[in-house]
Amino acid sequence: MRRIGALIAVVVALGGCGIGPGEEQEGGATVRVTRDFGHEEIAAAATKTLREDQTLMRLMQSKFDIDTRYGGRFVQSIDGLKGTGASGTRDWFFFVNGVESEVGAAEYELSRGDRVQWDYRPWDTAMRVPAIVGAFPEPFLSGLNGRRRPVRVECDDADSDPCRGAKDALDRVHVPVSGSSLGAPGTEQVTRLVVARWPAARVVRGGSTLEEGPSANGIFARFAKDGRSLDLLDENGDVARTVRPGDGTALIAAMRPRAEELVWLVTALDDQGLEAGVRALRAADLRDAFAVAVSGRTVEKLPLAP
C-alpha cells in the first residue's frame, strides 16, 4: 500500500509540472499597455526572470487587473478598460516583438527578451494589423518565438548614405546583418529591412498593398498608384495629410506578406525623406508605434490623430 501511495504521489507531482509554473530562468519580458494604435500609454510592467512554460496570461494576471473571456483564454479588460467583443468594434490586441499573435494569451508561451504590447483599438477599418514597428530593436534582436532570425538589409542603392545608416542603426543595437540588392530571393525565415525610395520599393513582396490602404495591410498610409504622392490616414482611413516629392517625409512600416515573411520598410518620395526615416530607426522614436511618418526630426505615429 505504501508503494501504491508513493506511485500516486509521483504521478500527481509529474502532472502538476505540466500545469503549474516551472523553474525560473534568467532573462525576463516586458509588457506595455497602450490604446488607439499606440498613441497613449496606459501601463507597463517587466520581469527579470521567466518560469518554464510561462504563458502571457499568467504574467498578465500577476502584473495587471484583468478580466478574461472564452474560458479564460482571452483578455477582455485590462485595468478596467473593457473590449466590446462581437457587439462592438473596439477590443484588445497584442503583439510580441512587433508581430500580432495568432494565438490567445493563455496559449502564448513567453521567451526571454520578449517585448509584448497590448493595444486597445478600433478594428472596423483594419481588422488585422499583422506587424508594427513599436518594439524596435525587436524583432531584429531576438526574433520570433524564442528563435533569432537572420537579418538582411536590402537597398536600391547599396552605397547610399541611407543604406549605410540603416546598417549602422542595427549595429548599434547589436544586430548582425547581411546586405543585398532590392528584391533579392530567399525571403522566408529572414527578417528584412528594406530601404528604398518609392516607387522602387514597390517591387518588395507586399509593397503593392501600400496602394490599397489599411484594410489590405493594417498600415494607415496609402501611396498613389502613379507613385507621386503619399496619403497619411486617420483611424477611419480618411486622408489627414498628403505628402509629395520635396516634402522630405518618410514612411516606416512593417508587413507580413506571407506567414514566415517579415519585412520592415523605410521608404519616401525623395532622398531627404529617406535619410530622415533611417535616422528614426531608434527605440525612442518608434516606441509603441504601429507605423510612423518622419519629417526631419519629427516622428508622427500613424494613423494620424483626426
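The values are calculated or read from the model by the stated rules, or taken from the named source; none is laboratory data. From a predicted model like this one, the values you see are computed outputs, not experimental measurements. Here the Cβ is made from the backbone with ideal geometry for all residues, glycine too, and neighbour counts use every protein chain on show. Heads up: the accessible areas ignore ligands, DNA and RNA and are worked out on the full protein's heavy atoms, side chains in. Shrake-Rupley method; radii C 1.70, N 1.55, O 1.52, S 1.80 Å.
The table below lists the values:
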read-out	value
Estimated dipole of the chain in Debye, rounded to 20 [Cβ of Lys and Arg +1, of Asp and Glu -1, Cα centre]	720 debye
Heavy-atom SASA rank of Phe93, Phe136 (probe 1.4 Å, accessible area, largest first)	Phe93, Phe136
Arg164/Met127 FRET efficiency (R0 45 Å; Cβ-Cβ; nearest 0.05)	0.75
Segment Thr84-Thr242, extension gain: residue separation times 0.36 nm, minus the distance between their alpha carbons	53.6 nm
Solvent exposure of the chain as accessible area per residue, Å², 1.4 Å probe	47 Å²
Label-reachable residues, the range 74-110, where backbone N falls under 14 Å from a point 7 Å from Ala259's Cα toward its Cβ	102-103
Three semi-axes of the equivalent ellipsoid, the range 202-268, Cα gyration tensor, whole Å, largest first	19, 14, 10
14 Å beta-carbon shell around Arg90, net charge (K/R +1, D/E -1)	-3
Probe 1.4 Å - accessible area at Ser62, Å² to nearest ten	80 Å²
Orientation-averaged projected area, Cα convex hull of the chain (nm²)	17.9 nm²
Solvent-accessible ranking of Ile42, Ile78, largest area first, probe 1.4 Å	Ile42, Ile78
Area of Asp226 that stays accessible when all protein chains are in place (1.4 Å probe, Å², to 10)	100 Å²
Over the chain: helical MRE at 222 nm, DSSP H runs n ≥ 4 each giving -39500 (n - 2.57), nearest 500	-5000 deg cm²/dmol
Rg in Å to one decimal, and Dmax rounded to a whole Å, for the range 214-306 via C-alpha atoms	12.5, 36
Label point distance in nm, Asp65-Ile42, each placed 7 Å from Cα along Cα→Cβ	1.2 nm
The chain - percent of accessible surface contributed by carbon and sulfur, probe 1.4 Å	48 percent
Listed residues Pro139, Cys155, Gly165: farthest to the positive end of the dipole of the range 120-167 (Cβ charges)	Pro139
